[in-house]
Amino acid sequence: MKGPGIFVLLLCIFALACADSAGAAQFTGLWVGAVRIDKVSESQIPANPEFTNPQPTGYPFTFRIIIHVNTTGNTVRLLKDVIQMEKIGSPGQLALITDDLLIPNYTCPEENGDKFCRRIGATAYDFTGLEAAMTGSFSLTGTLSSNIILTPDNPTNPFKHKFSPDHDNLDELGFPITNPVIMEVYNVTRDMTLQFSATDPLGINPPGWGTTIMGGTYNETLNGVHRNPIYVSGAFRLQKVTDTGELNQ
């Protein structure tokens, strides 16, 4: 291929690349929603099909989830806490803060003559650090996954007990316990998967579905809480609350 043919081909490739980038960037911002768990596996009998196939629960369990998509749409993070603030000296320039050490550099936006900061937190999951990376694609038919770990030192590890200092993985002489059979606190890992749906799984299809409202099916595998893995499933729904594309800036 020579001359104009090569030029046309390059234009087509460039157009496709721009379209992909624009498609990803349209979801830029902070998304807040809920996961509704309505199925849990029966982990006590590995031989049964119910061991890996989650079964309907008597009542659903709902918890908040917070996700941020950056300006290009290519970096997605799971958040546990975020504050909407305003840069000092830059009225109207909003920022999303996940690092409490940066709070003195910002102020609260003014609303109806009052200073007001919005803080959103999630209490049903925790991890080391400020954000947890998510792999995959935030899109109408994409899939997002995240692996979060609660180490034995994490204060929110479910095996930690404030009034039982023996849960420290130290023996009676104060030496570290290295035998996993007799450990007092374990690593707890959670493998979360969000499968987006182009249509509302609940059949409601509210205005804004696919643009400011997203949802789909949720699956998770928990290890460390029980001697066997625990599998749960349900649905999730997210609402875009701001278009701010970067964190702590």
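The values are calculated or read from the model by the stated rules, or taken from the named source; none is laboratory data. Predicted, not measured: the structure shown is a model, and the values here were computed from it. Cβ: placed from backbone, ideal geometry, glycine included. Neighbour counts: every protein chain shown.
Tabulated results
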| item | result |
| --- | --- |
| Per-region count, the range 91-111, residues in a loop (DSSP other than H, G, I, E, B) and either aromatic (Phe, Trp, Tyr) or surrounded by 10 or more Cβ atoms within 10 Å (Cβ to Cβ) (or both) | 6 |
| Top-ranked residue in the range 186-198 [being part of a loop (DSSP other than H, G, I, E, B) and within 20 Å of the chain's Cα centre (by Cα); ranked as surrounded by the fewest Cβ atoms within 10 Å (Cβ to Cβ)] | Ala198 |
| Counted residues, the range 199-218 - those being loosely packed, with under 14 Cβ neighbours inside 10 Å, farther than 17 Å from Gly234 by Cα and in contact with a strand residue (DSSP E or B) (Cβ under 9 Å, 6 or more places away or on another chain) | 4 |
| Enumeration of residues in the range 142-168 that are touching a strand residue (DSSP E or B) at 6+ places or on another chain (Cβ under 6 Å) and either farther than 21 Å from Leu79 by Cβ or assigned to a strand (DSSP E or B) (or both) | Thr143, Leu144, Ser145, Ser146, Asn147, Ile148, Ile149, Leu150 |
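Listed here are the residues, each with its yes/no results for (1) surrounded by fewer than 11 Cβ atoms within 10 Å (Cβ to Cβ); (2) out of contact with any helix residue (DSSP H, G or I) (no Cβ under 8 Å at 6 or more places or on another chain); (3) at pLDDT below 75; (4) not in a loop (DSSP other than H, G, I, E, B).
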| position | (1), (2), (3), (4) |
| --- | --- |
| Lys2 | yes, yes, yes, no |
| Ile6 | yes, yes, yes, yes |
| Leu9 | no, yes, yes, yes |
| Leu16 | yes, yes, yes, yes |
| Val35 | no, yes, no, yes |
| Lys39 | no, yes, no, yes |
| Ser43 | no, no, no, no |
| Ala47 | yes, yes, no, no |
